[in-house]
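The values are calculated or read from the model by the stated rules, or taken from the named source; none is laboratory data. All values derive from a computational prediction rather than experimental measurement. Reconstructed Cβ throughout: ideal geometry from the backbone, glycine too, with neighbour counts over all protein chains shown. Heads up: the accessible areas ignore ligands, DNA and RNA and are worked out on the full protein's heavy atoms, side chains in. Shrake-Rupley method; radii C 1.70, N 1.55, O 1.52, S 1.80 Å.
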Amino acid sequence: MATRRGKGGDRIEPTMGRVRDASDLRVDPRDRPAAPSRPKRPKSAASGQKTVQRANHKPASAGTAKTGKAATGSGARAKQSGKRKASSRPDAALAQELGFELQPRPKARKRPAQGRPAARKAGPRKSGKSRRKGRAGSGRFLRLVKRLFYWGMVAGIWGTVIVVAVLAYFAAQLPQSYDWTVPARPPNVKIVSAEGQLIANRGESGGEAVRLEQLPKYLPQAVIAIEDRRFRSHFGIDVIGLGRAMVTNVMRGGVVQGGSTLTQQLAKNLFLTHERTISRKMQEVVLALWLEARHSKDEILEMYLNRVYFGAGAYGVDGAARRYFGKSARQVTLAEAATLAALLKAPTRYAPNRNPDLAEQRAQLVLEAMADSGFISERDAKNAIANPALAVAGNRAAGTNYVADWVMDLLPGYIGRLDKDVIVSTTIDSRLQREGERLLSAALDKQGKKLGVSQGALVSLDTSGAVKALVGGRDYRKSQFNRAVSAMRQPGSAFKPFVYLAALERGLTPDTVRVDQPVSINGWSPKNYTKKYYGPVTLRRALAYSLNTVAATLGQEVGPKRVATTAQRLGISSPLKVNPSIALGTSEVTPLEITAAYVPFSNGGWGVLPHVIREVKTEDGKVLFHRKIGGPGQVIAPDKLRQINSMLAETLFLGTGKRARLGDRPAGGKTGTSQEMRDAWFIGFTANYTTAVWLGNDDGSPSRSATGGTLPAEIWHDYMEAAHEHMPMVELPGIPVGGTAVVQETPRPAPPRDVGRQQPGSERILPPAGGGFFRRLFGG
């Protein structure tokens, strides 16, 4: 066998000779030579790129092709196993033994793929080593991703298990889930005037429960934009917001941002306390999830808006709107809605009536958040910022709050336990109420300091006893004590009409004469205000000039007990001290009750029960209470009524109440000043209204110069003039239109006058025997 070496390797030509049997010609796989390695391509010096050299090869013989194929297959299998070793015999020797001649295998030309261009763009080719490094790098990255995904899944599963376990633990500390119910909203009492105008809302909320669809859409949107922007998408817990809050708090080194959703805040308000503990927070999460499972988003938002605290004692958006802007939440503007939403962060700090500048700044942030969320346009936001909301000044100081407080005190007695929203219709006349508040406040502001009085009250009733106006004090914001209903004060001379009525009922007349002179009753010596005495006077003139000595002697003449009975019959309900000083009004009464006791003078002598509640019904119209006409009946006989009215009219024309005179309109009344001028009263009536005005000091200290005939009479006059505007004049029993009427009484036959007896043996006339001091002084 001849051997020829070539550049590409050894080429062995087969030679003829002795051939063994066919079995000897089979090549053992282990003896197959490894495929020759490809020759390296030379590098181009100019471009530094690899150049592909294509060599022209002659087609190999069939035997050669088979041999090359077998060798190639053996090499491939050896490469795949990576463990088998190649044959130790040389390729040339093996081929010679088998009778083959090795030839270099021609390199196969790669055919271009179908649809691809045959020519390849010139450029750098990555070496096999570089490709192997790329595949190794991508493999490591994929393995890293797989490991991260795997451990992330493991951590997520265990984290979920831990969270569920923690929630289950804290949920177990709550009552059983079947006992979880949303507590009923505290009932609201809507108090309205006789004309249906709102006086006040009372209850824990201070406003009505409003449906979401009743509110302007920008009001709930303002709350969502500033408090919980993802409210519509989260499941009760805002994971994104919670994470952001945690990061912010860590970076700031303190709690500066919260992650609670509206649902969590509602859960806290409904079920939990406001303590800041981990246990409470986890229970809040459990309850928030429960709320989201049981209620729709709109229901949750509606409950939130009707229960959240907005400051100044207002719970719920309607109560807040009325408190700060004097209107229902149904009527708020965009700027006012933003101001209400701004309160939720810190109700006291951002209250528009306390810190208007801070409230405006916070409202601007709300408007910007609404624009960012797409709830409003940029133009609407700019317009609202340019026209900020203004709180209603003095809304809490309105005198109608005295009425509302009194109604709430009376309401349980009419309907029992309050368990639902109700509407209370009152007898209050809104116009008269405003006039009373204005006049009382203005008079005290102008003359109160000069006269030494700081407080006042006004009560006005119609002829049925219905309260048309009630002002319990000068400023409700500074003092909520209702002096019109609860203040016990001495009426002074304003009590004298009951004394004179008792005397008339004993048979005296307005023209009966008594002597005004110093008097002493059981050591008690009353004096007139002027410190003067006028001698013999009629009862009419004595009442008009408010002479204390005559009133005291009349009280003693008819008896203190009869005086007390007469006053109680007409409407005085407070305990009266049955003693001689009762005639001068030393027993304390309230402005309301003494006003009611004067009403029979105006309505024909019929007693009344003062009342302010006319009807109570539920929101759906069910009537729970309706007042029926009733009272104690006739308490003054018609003839005695004419007499006492003519006397009380004299007070306004000639006596101490001249400042209260209403021109030609028939009216009567009485001034009152207690000891040391601690109380100053004027109480008067027409055929339409009976009104009382009281001035004084809460601590009972004396005034400087306040008497019933000065400032109280002026306030009464101005109020009654406004109350009777455009009303026709109506005469009163005993008081015609245009002036007073002196009731002409048929004179009784006078008994024979016993002028005395002549002393025997002397010209001296002795006084009549018997009768005592008062009989000798005043006659029978």
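Remark on Tyr529: its backbone amide H falls under 5 Å from those of Asn548, a criterion applied only to residues 5 or more positions apart or on other chains, H modelled at 1.01 Å from N. Placing Lys640, Lys420, Lys446 in order of accessible area, with the largest value first and a 1.4 Å probe, yields Lys446, Lys420, Lys640.
Ranked by the mean number of other Cβ atoms within 10 Å of their residues, highest first, the peptides 679-689, 453-463, 401-411 fall in the order 679-689, 453-463, 401-411. Computed about the Cα centre, the dipole magnitude for the range 540-637 is approximately 260 debye when only Lys and Arg (+1) and Asp and Glu (-1) carry charge, each at its Cβ. Amide H to amide H distances under 5 Å link Arg614 with Ser425, Thr426, Thr427, where only residues 5 or more positions off or on other chains count and H is placed in the peptide plane.
Selection among Ile428, Gly452, Ala381 by position relative to the dipole of the range 365-469 gives Gly452 as farthest towards the positive end (Cβ unit charges, Cα centre). Taking the Cα centre of the range 440-551 as origin and assigning +1 to Lys and Arg Cβ atoms and -1 to Asp and Glu Cβ atoms, the resulting dipole is close to 460 debye.
Here's how it looks for Gln634: its modeled amide H is under 5 Å from those of Gly607, which are all 5 or more places away or on a different chain.
Quantify, in whole percent, the carbon and sulfur part of the accessible surface of the range 373-432 (1.4 Å probe; protein heavy atoms only).
Taking all protein chains in place, the range 373-432 shows 50 percent carbon and sulfur surface.
Taking 21 Å as the limit for the C-alpha separation, the pairs Lys190/Lys420; Lys449/Lys478; Lys496/Lys531; Lys268/Lys420; Lys190/Lys468 exceed it in the case of Lys268/Lys420.
Note on Val623: accessible area approximately 80 square angstrom, rounded to 10, probe 1.4 Å, nucleic acids and ligands left out.
When the charge dipole of the range 286-371 is built from unit charges on Cβ atoms (+1 for Lys and Arg, -1 for Asp and Glu) and taken about the Cα centre, the candidate among Tyr350, Ala335, Gly313 whose Cα reaches farthest toward its positive end is Gly313. Basic side chains Lys and Arg get +1 at the Cβ, acidic Asp and Glu get -1 at the Cβ, and with that the dipole of the range 583-691 about its Cα centre reaches some 260 debye. Between Gln331 and Arg280, the contour length at 0.36 nm per residue exceeds the Cα-Cα span by 14.7 nm. Placing unit charges on the Cβ atoms of the charged side chains and taking the dipole of the range 410-539 about its Cα centre, the candidate lying farthest along the positive direction among Ile415, Gln490, Gly507 is Gln490. As a rough guide to protection, the peptides 309-315, 631-637 ranked by mean Cβ packing within 10 Å, highest first, stand as 309-315, 631-637. Packing order of peptides 603-609, 319-325, highest average first: 319-325, 603-609 (average count of other Cβ atoms within 10 Å over each peptide's residues).
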